[in-house]
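Accompanying notes for the structure given below.
Every number here is computed from the coordinates shown, using simple stated rules; none is lab data. Values in this document were obtained by computation on a predicted structure and should not be read as measured data. Here the Cβ positions follow ideal geometry from the backbone for every residue, glycine too, while neighbour counts run over all protein chains shown.
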Amino acid sequence: MNETTASAARQAEANNRHAVTSGIEAAQVLDNPAFRSAMDALKADVIATWKAAPIRDTEGQRILLQLAKLADKFEAILVGRIEAGKFANSKIEIDDLRADNATRRLLRKVL
């Protein structure tokens with residue numbers, strides 16, 4: 001393996017480990033009761049305010065819709081990080097298994 005390939009492999013492993021860490025942290029945020037409570041309160045407040053808004057206030061309704069979509073998008077980003085972390089962890093495990101198999105093949109040839 002040449003130096004460029006080894007450097008790229010180390011960088012990919014570092015990126016995967018960062019994605020795993022980011023996924024774990026995102027899961028901790030989503031599982032946090034204070035966060036859940038705050039997000040649920042935000043969504044409920046946006047919906048209640050939207051329902052109470054006058055029909056002629058289209059600009060206010062549009063802003064409230066944007067707030068509701070923003071809350072959903074924020075949660076979707078966290079879920080995406082969790083999934084990316086799971087994928088990166090699987091990739092790390094596969095790479096470790098491949099490296100282990102390569103070492104065993106080398107030892108078989110030597111012995």
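Quick rundown of the values:
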read-out	value
Computed over the chain: relative contact order in percent, which uses C-alpha pairs under 8 Å that are six or more apart	44 percent
Dipole-positive endmost among Ala53, His18, Val29 within the range 3-110 (Cβ charges, Cα centre)	His18
Residue of Ile24, Ile55, Ile77 that the Gaussian network model of the chain assigns the largest fluctuation, springs spanning Cα pairs under 10 Å	Ile55
Cross-link partners of Lys43 among lysines (Cα-Cα below 27 Å; sequence separation of 8 or more within a chain)	Lys51, Lys69, Lys73
Given charges at beta-carbon only (K, R positive; D, E negative), |dipole| of the range 3-110 in Debye	420 debye
Dipole-positive endmost among Ser90, Ala76, Ala44 within the range 3-110 (Cβ charges, Cα centre)	Ser90
